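A quick write-up on the structure given underneath.
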Amino acid sequence: MESDVRAAILAYTRQPAYRPVKPAVVAERLGLLEEDQVKVVRRVIKKMVKAGELEYGPSHLVMPAEEGHPARENLAPKKKPKKEDTSNQVVGTFRRVSTGEGFVRPTGTPASAGRDADIHIDKRAALDAHTGDTVRIKIDQKSGYKGKPEGRVVAVVERSTSRFVGTYFEKADMGLVEVDGKVFNRAIYVGDPGAKGVKPDDKVVIDMVRFPSHTRDGEAVIVQVLGSKGEPGVDTMSIIYEFGLPGDFSEEVIADSHAQADKFDESIGDDRRDLTGETIVTIDPATARDFDDAISLRRIDSKYGDGQHWLLGVHIADVSHFVPEKTTLDSEAYDRATSVYLPDTVIPMLPEIISNNLASLQPNKVRYAMTCEIELSPEGVPIGAEVFKSAIKSCRRFTYEEIDEYLSANKLVDRPGPEKVDHLQLAPEVDKLVGDMFELAMILRKRRFAAGALELSMPEVEIDLDDEGRMSGAHVEVNTESHQMIEEFMLAANIAVATKLRDAGLIFLRRVHGDPDSRKLKSLTNFVRELGFKVESLESRFELQRLLDEVERDPRRHAVNYAVLRSMQRATYSPEDEGHYALAADCYCHFTSPIRRYPDLTIHRLINALNSGKKPPQSMDEYFIWGDHCSEREQRATNAERELTKVKLLHFLENKIGLEMEGIITGVERFGLFVTGREIPAEGFVHISSLGDDFYKFDRDSHSIAGFQAGNTYRLGDIVRVAVANVDVEARELDFRVLGHVARSQAPPGRSSEKKSKSSKKPKDKRESRGKGKKRRR
């Protein structure tokens with residue numbers, strides 16, 4: 001599709017009578033009027049500009065690149081400029097750091113390359129480029145700053161955004177805004193004091209009129225006042241605007257949702273299998289409001305005569321029934337692409353009348369589902385799978401905590417728990433179901449890891465809020481057996497559905513996780529060896545998993561897990577057949593959460609088409625566009641969630657200067673230490689200059705800084721006592737002051753050059769879990 005659009009754009013813009021117009025007008029002139037078609041045109045034009053086939057003129061008008069074209073002559077200055085030498089020019093994404101300097105990562109750089117591929121830009125050569133902007137640069141020399149190529153920005157191709165959030169203040173009778181997160185080195189001028197009724201210390205949204213550069217200050221206008229900083233909810237609104245997250249649904253979308261509600265009467269049509277008589281349950285967080293997956297499980301006689309098999313039913317909310325293609329509702333769902341789970345609010349992909357009611361698999365109500373039934377051998381080997389439309393009635397809603405209590409009370413897990421859980425009052429068939437679910441899930445889990453699947457123990461912070469919405473504390477979520485049960489069943493369903501679509505020869509949005517770059521894995525191997533771990537090459541996934549198992553109870557596990565994560569590519573959505581490295585799956589997709597993920601909805605629609613004997617028209621180009629869009633939206637949501645968690649932690653600590661806590665050294669650099677609190681999981685920085693009791697020297701090989709006096713050594717994984725020294729919420733910075741050691745990091749057995757010691761308290765462990773209404777982003 002993109003190739004056809006590109007050819008049409010070239011033909012149109014090369015006409016002698018062509019006059020520069022905006023991308024949307026180009027789409028209109030080509031007869032591409034649908035919203036999705038206009039998006040394709042914009043995307044193709046952007047690629048053509050990067051490739052030098054087109055150019056952006058004044059006011060973002062599309063211009064032909066050929067010299068001498070009448071369209072260029074009409075817009076050109078009287079004196080025709082010399083043709084610029086385009087050799088050694090590349091296009092990429094700009095990132096500015098606090099010193100004013102910048103780095104550009106060329107477009108198309110593999111994720112595995114990381115910052116190694118960045119090109120350094122001196123602050124005097126960055127023009128007015130801002131972090132996230134797409135820029136064209138000229139490489140001046142192949143080696144400069146820290147061995148990186150040196151370049152200069154010659155043009156800003158596209159702005160990432162023109163709106164920013166900051167704090168308003170007044171100085172010398174001028175209104176100024178300090179943009180959050182040290183985005184700009186200096187405050188931005190916003191006109192006369194008191195504009196829009198704004199008061200000092202108000203959080204505001206500004207729209208840039210002129211971006212700052214090395215030689216001039218920036219200028220903007222205030223477009224919205226969010227409220228006084230520190231008020232409940234203002235930090236959340238700030239993050240929503242900072243990341244451009246969607247707001248309320250439009251009246252048209254709400255009307256479309258109500259129209260779908262009016263049609264729903266809980267009747268079971270001939271196109272659905274009636275499963276309302278089966279024992280089906282849901283297991284979700286206590287705070288969950290939408291339930292998009294339910295489970296059934298029973299034993300059946302094998303048709304192969306080898307005893308009884310498992311029949312696992314994974315029942316997923318049939319969102320496709322309520323969100324028809326090419327409707328206003330569908331267009332909005334695609335644009336959002338994902339629900340966003342912030343600590344104190346949820347920004348849903350679909351209006352609540354659908355996400356929390358019509359499609360939600362609420363207990364004791366007839367609900368439409370897309371069911372994936374998988375037959376498995378007693379050892380958990382998949383025998384076959386069937387996917388079909390169904391109607392179910394969940395008979396029980398469980399929380400994770402209830403399942404964990406059940407497992408402990410019935411001695412199914414080796415963990416202290418209540419002697420009995422009478423408050424659950426389980427019917428015999430439900431009691432049997434839960435026990436069977438645990439048995440099968442652990443079988444599947446064991447098989448997965450035996451096949452080489454990886455499990456990263458990454459800490460995920462959950463914010464605790466009081467009744468007024470203020471943060472009262474924070475904790476690290478723990479991935480218990482109840483979470484693992486649901487995870488195994490969801491993974492099994494996703495693999496089964498992806499395999500069915502692949503075998504049918506359909507193009508579909510896969511969840512891909514490419515193999516890591518071998519250079520990254522070699523560097524990772526050297527890193528963990530320097531920490532004292534005896535490992536073979538971590539290019540073996542089995543050796544990598546052995547390492548992850550070994551560090552699970554080690555204070556250095558966070559550092560190791562972060563290093564492993566950095567060596568991996570990011571999981572994305574794509575129609576390419578790349579497989580999923582971390583899951584050791586050669587075919588995988590997301591099928592199990594269509595209430596909150598648009599890719600899952602596209603999978604449901606393909607299953608419907610396949611079951612009806614139709615093969616829908618498919619375009620690889622279109623699926624690439626969908627995959628890029630959904631991946632970008634997912635990353636935006638993840639970044640927003642993490643940033644708001646960080647802001648709330650900083651607000652919580654803002655008035656607690658001097659508060660003491662234990663922390664783990666999670667990073668050691670030449671300029672200081674990064675420490676993550678154990679009771680309050682916030683990461684802070686200890687500058688090396690604040691360690692005033694000695695003169696410290698950085699040792700890269702041992703990941704430590706050491707003083708001249710005996711015992712004055714701080715290394716990765718050490719548990720230390722720290723105090724809050726400084727909090728700057730607007731700059732998103734937290735500084736700690738070290739009070740002393742609690743315990744040294746423990747070297748692995750066999751490393752005789754270092755003494756072994758045990759920490760006085762084991763840190764909590766957490767694998768990436770579903771969280772507050774969330775499910776894993778595998």
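Remarks
- Condition check for Pro343: within 30 Å of Ala474 (Cβ to Cβ) and buried (at least 19 other Cβ atoms within 10 Å of the Cβ): yes
- Just so you know, in segment 606-662 the residues that are acidic (Asp, Glu) and over 30 Å from Met471 (Cα atoms) include one that is surrounded by the fewest Cβ atoms within 10 Å (Cβ to Cβ), and it is Asp628.
- Hits in segment 23-48 - residues which are farther than 14 Å from Asp4 by Cβ and outside any helix (DSSP H, G or I): Leu33, Glu34
- Looking across segment 684-706, the residues that are part of a strand (DSSP E or B) and either over 31 Å from the mean Cα position of the chain (by Cα) or surrounded by 18 or more Cβ atoms within 10 Å (Cβ to Cβ) (or both) come down to Gly684, Phe685, Val686, Lys697, Phe698, Asp699, Ser704, Ile705, Ala706.
- Verdict on Ser296 being touching a residue at least 12 places away in the same chain (Cβ under 8 Å) and surrounded by 20 or more Cβ atoms within 10 Å (Cβ to Cβ): yes
- Among the residues of segment 343-363, those identified as closer than 20 Å to Thr638 by Cβ and either more than 18 Å from the chain's Cα centre (by Cα) or part of a loop (DSSP other than H, G, I, E, B) (or both) are Pro343, Asp344, Pro348, Met349, Leu350, Ser355.
- Within segment 451-466, the set of residues being over 22 Å from Glu401 (Cα atoms) and more than 23 Å from the chain's Cα centre (by Cα) comprises Ala451, Gly452.
- When Ala474, Ala427, Ala441, Ala492 are checked against the criterion of being among the hydrophobic types (A, V, I, L, M, F, W, C), outside the structural domain of Leu544 (by TED's automatic domain parsing) and under 30 Å from Glu576 (Cβ atoms), a single residue qualifies: Ala492.
- Test result for Ser213, touching an Asp or Glu at 6+ places or on another chain (Cβ under 9 Å) and closer than 27 Å to Asp335 by Cβ: no
- Residue in segment 720-728 that is basic (Lys, Arg) and surrounded by 18 or more Cβ atoms within 10 Å (Cβ to Cβ) present: no
- Only a single criterion out of (1) surrounded by 13 or more Cβ atoms within 10 Å (Cβ to Cβ); (2) at pLDDT 85 or above is not satisfied by Pro763, namely (2).
- Screening the candidates Ile188, Ile240 for the property of being of a type in the set (Val, Ile, Thr), farther than 27 Å from Ile463 by Cβ and surrounded by 20 or more Cβ atoms within 10 Å (Cβ to Cβ) yields one hit, Ile188.
- Looking across segment 639-683 at every residue that is touching a helix residue (DSSP H, G or I) at 6+ places or on another chain (Cβ under 6 Å) and assigned to a strand (DSSP E or B), the one that is modelled with the highest pLDDT is identified as Gly672.
- Selection of segment 707-722 for residues being part of a strand (DSSP E or B) and either over 29 Å from Leu653 (Cα atoms) or within 31 Å of the chain's Cα centre (by Cα) (or both) yields Arg715, Ile719, Val720, Val722.
- Segment 530-550: number of residues that are touching a residue at least 60 places away in the same chain (Cβ under 8 Å), within 19 Å of Lys520 (Cβ to Cβ) and assigned to a loop (DSSP other than H, G, I, E, B): 2
- Complete set of residues in segment 1-52 that are over 24 Å from Val91 (Cα atoms), buried (at least 18 other Cβ atoms within 10 Å of the Cβ) and of a type outside the set (A, V, I, L, M, F, W, C): Tyr18
- Residue match in segment 552-563 (condition: touching a helix residue (DSSP H, G or I) at 6+ places or on another chain (Cβ under 7 Å), crowded, with 17+ Cβ neighbours inside 10 Å and modelled with pLDDT of 90 or more): no
- Residue within segment 564-580 that is acidic (Asp, Glu), closer than 30 Å to Pro681 by Cβ and either in contact (Cβ under 8 Å) with a residue 12 or more places away in the chain or in a loop (DSSP other than H, G, I, E, B) (or both) present: no
- Test for Met208: is it surrounded by fewer than 20 Cβ atoms within 10 Å (Cβ to Cβ) and among the aliphatic types (A, V, I, L, M): no
The values are calculated or read from the model by the stated rules, or taken from the named source; none is laboratory data. This one's a predicted model, so the numbers in the text were calculated from it and none came from an experiment. Glycine gets a Cβ as well: all are built from the backbone with ideal geometry, and neighbour counts include every protein chain shown.
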